[in-house]
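Input: a single structure, listed below in structure tokens.
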Amino acid sequence: MPGRIFVLRCLFLVLYAGAQAGQVGFLSAQEVDFAQEVQPLLARRCYACHGPDQQEGGFRFDDRDTLVVEADSGEVPIVPGDPGASELLRRIRSDDDSERMPPEGKPLTEAEVALLEAWIAGGAEFTRHWAFQPVQRHRLPQVRDVGWLHSGIDAFILARLEQAGLRPAPQAQAEVLIRRVFLDITGLPPTPEQVVEWADRWSDAKYQRLVDTLLADPAFGEHWARMWLDVVRYAETNSFERDGAKPNAWKYRDYVINSFNADKPYNQFLREQIAGDELQPVTPESLTATGFYRLGLWDDEPADPLLAEFDGYDDIVTTISQAMLGLTLNCARCHDHKIDPLTQRDYYSMLACVRDVTPYGVRSDQTGNNQIDLNPEVAQRHEALAQRKKVIQRRLQHIEKNAIVKMPAPDQRATEGPERERVLREKLAEYTTEKLYAEYQQLKRELEEILAEQRRLPPRETVLGLAKVDAVPKPTHILLRGNPHSPGEEVGPAFPSLLGGGAPDLSAVPEGARSSGRRRALADWLADDRNWMTPRVIVNRLWLHYFGRGIVRSPNNFGLMGDPPTHPELLDYLATELVRGDWSLKRMHRMILLSATYRMSSRFDARAAAIDPQNDLFWRQNLRRLSAEQVRDGVLVASGGLNSQLGGPSMFPTLSAEVLASQSRPGNGWGNSSAADQARRSIYIHVKRSLPVPLLKVFDFPETDTSCEARFLTTQPGQALSMLNSQWMQQQAAALLERVERECGLDLTAQARRCLELVTSLPPQAADVDELVDLVQRLKQGHGLSDRQARQAMCLVALNLNSFLYID
């Protein structure tokens, strides 16, 4: 497993002076952590043939008892305490392709072999996987350089660095750190003036004030909500061919933004999404939170409706287990999990917890199950009027039809178009009875009264969520091979056994109840202080967004095939701090931001890089590229065009005809927003599954079909092409030029200097200013551009600088 932390330990402890001659020493048995190092290696390289699903040779690597006895071959795979007598090591080291294990893929590295050898020498003991053990509150480790510490976080980081003989990078310069913390907290770059103001008389106390100021900024929620929306597969359409809109999905987005800004306790945040309609009291906010269930894909014309129903449940179980628990429970839908100790019973018992959730809709009614009326009394009045209106309109149409068939052909044809009302007004009485005409007139008056009454009513306010649920859910069965047409044993609601398991105490559903109470039980279990996975998973997500990767690099998978934590004690420390702090996420943000670890510069150190090339030990801050939203929003800030309006319906950026043509029905479902609306932050862009916005997509905006644990960070030609050639970027470059003209006049050097300030937020180097000035001259003289065209190109180039696109 190159690059993982145990490889580094092997480099420190295994290799010695004779390594160049091909000799490798042994790890001390005390240095091997089975759960952190050996078990993930066995799961990755051995479980396919010798695991829970298949046991070639009669043994399995997830069961010690089968490894220390004679296998089908007559050999003992592992002899505890005696690596030389262990058939496993002989087969792993064999040069014979017919014998060597594993039979496929690359052979194990020397470091991996050394790890297994040390483990066997130490007795080949099994310990429980780190994530399947309760959180422990570890003492802060002792360090030599206590003066470097700003928080408990730093003690865990520095202890590992000192153990490796490394020093942390120096603190970032004030201006660099100010830009970093603005972008990390609010997602927006600071203005040059803000940098100057905060950097003046820089101190630790001033930095703390800056952090607190930004955490209180509403832009904090707009930025950090996107983290959660990625995880819960947020989109505003259903996918598939028609990709119809999900009405009011944007209200769930605003719920997340508002929750983060209000520092709603994370456990309450989860409770509301899982069971917002079953909590006491039920509020408009908690009902909006249940929109979580309606964010997934929905096929309005499935070939197999029953399979589609269970695909919907699978989407919910998958998202809950990965997003909130860091478990791939979905891998147990068709059979027991091949790697983790998760069974089909676990999967279907969890499914039973949410079995009262109705499908998103049906073809004939695409809103009844998912649109919640926040004021039922007003909704009932609207419904009553709508029913009366429908009855009257049906009777009016009947009278009109009977009269029209008696009219001459020209008049009949006229009633098929815009002349219909004129013809009926002038000739209806002539072709019907006096009695029917009197009834017709009376019905028209009643219809006008209904329309007037509808206008007087307060507007009907609806949100996306669980409008209808099954108070008495259908029985849940273990489905043989995941096939809903092959039900097996019935199971009830229960929680995964590896996390303590157990069935919730559910009372009988009273007659007339709206829901079953199962999701309330699930919500309480997820949000319980004793549930060790919930706090671990969310603090790891916070860490990921501040350092470019999590303490666990696989945020949705804390299982055996996930990456082990580089700092397990730190992860547990943060998890316990979250619970101790009443689940306040802002408190955790502040703790991380105030640490010396976060404040380090990204300065490269050749010696440290040679020892820890992937920066697993966090000897420096990671250089990070802006997210797709930060790129677009940062351009708007620089050009002066950002509209800071909070919340409300999503907006539609202008897309080219070529992009709109990528749909089966070009442009279908894509609106036309005003220029002011289009200048809002990117989180307010309508998320249409079949029509991603090109600028966001090219900068790794996630797929929305499933939970996105962490975005890819690619560097590809399409990014440069979009940033240089797209119509939107050309417009923003022109706006940036207009801004520097207003602020600096026509002096080219002053414009270049201001352009760089606005783009990077930092005072520019004289050489960079000169380079932009020279660029303008070269474009005019060598390429025939007009003065204005050349200056606009200068602004465009500035917006493409790495110092704009990266967080240092």
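The values are calculated or read from the model by the stated rules, or taken from the named source; none is laboratory data. Source: prediction; values computed, not measured. When we count neighbours, we look across all protein chains shown, and the Cβ atoms used for this are built from the backbone with ideal geometry, even at glycine. We work out accessible area using only protein heavy atoms, side chains counted, and drop any ligands, DNA or RNA first. Shrake-Rupley method; radii C 1.70, N 1.55, O 1.52, S 1.80 Å.
Given the rule -39500 (n - 2.57) for each run of at least 4 DSSP H residues, summed and divided by the residues of the chain, what is its mean residue ellipticity at 222 nm, to the nearest 500 deg cm²/dmol?
-14000 deg cm²/dmol
To the nearest whole percent, what portion of all C-alpha pairs in the chain is separated by more than 40 angstrom?
Result: 49 percent of Cα pairs exceed 40 Å.
Over region 527-609, what relative contact order in percent results from Cα pairs under 8 Å that are six or more residues apart?
24
Any of K389/K444; K251/K390; K246/K389; K251/K688; K406/K427; K246/K468 with alpha carbons more than 19 Å apart? Name them for me.
The answer is K251/K390; K246/K389.
Computed on alpha carbon atoms, what radius of gyration and Dmax characterise region 376-460, expressed in Å?
15.5, 49
Give, in nm to one decimal, the length gained when the segment between T433 and N668 is fully stretched (0.36 nm per residue of separation minus the Cα-Cα distance).
80.0 nm
Determine the distance separating the Cα centre of region 170-188 from the Cα centre of region 609-657; give it in Å without decimals.
Between the Cα centre of region 170-188 and that of region 609-657, the gap is 13 Å.
Taking the simple approach of a point 7 Å from Cα along Cα-to-Cβ for both R90 and R580, what is their distance in nm?
If labels sit at R90 and R580, their model points lie 5.3 nm apart.
Taking 8 Å as the Cα distance limit and 6 or more residues as the minimum spacing, I'd like the relative contact order of the chain as a percentage.
16
What is the Cα centroid distance between region 51-86 and region 354-402, reported in whole angstrom?
Each part's Cα centre sits 65 Å from the other's.
Taking the Cα atoms of region 231-326, what is the range of coordinates along each of the three principal axes, in descending order and whole Å?
Result, largest extent first: 43, 25, 24 Å.
Mind checking the full-extension length gain between R137 and R455? Use 0.36 nm per residue of separation minus the Cα-Cα distance, one decimal, nm.
Length gained between R137 and R455: 108.4 nm.
Please name whichever of A750, V231, H50 sits farthest to the positive end of the charge dipole of the chain, dipole taken about the Cα centre and charges placed at Cβ: Lys and Arg +1, Asp and Glu -1.
Ranked along the dipole, the leading option is A750.
I want to check the label-to-label distance for K206 and R778. Put each point 7 Å from Cα in the C-beta direction and report it in nm to one decimal.
According to this spin-label approximation, the distance is 3.8 nm.
Along the Cα-to-Cβ line of E75, 7 Å from the Cα, sits a label point; which residues in region 90-130 have backbone N less than 14 Å from it?
90-103
With +1 on the Cβ of every Lys and Arg and -1 on the Cβ of every Asp and Glu, and nothing else charged, how large is the dipole of the chain about its Cα centre, in debye rounded to the nearest 20?
Around 2240 debye, computed over the chain.
Is region 725-807 rounded, prolate or oblate when judged by the Cα gyration tensor, a ≥ b ≥ c being the square roots of its eigenvalues, rounded requiring a/c under 1.5 and prolate requiring a/b larger than b/c?
In terms of gyration-tensor shape, rounded.
For region 34-150, divide the Cα radius of gyration by the Kirkwood radius and give the resulting Rg/Rh value with two decimals.
We get a ratio of 1.10 for region 34-150.
How high is the FRET efficiency from D65 to R394, r the C-beta distance, R0 60 Å, rounded to 0.05?
Approximately 0.20, to the nearest 0.05.
How much accessible surface area, in Å² rounded to 10, belongs to the heavy atoms of R739 with a 1.4 Å probe?
40
How compact and how long is region 642-716, expressed as Rg and Dmax of its alpha-carbon atoms in Å?
That works out to 13.2, 34 Å for Rg and Dmax.
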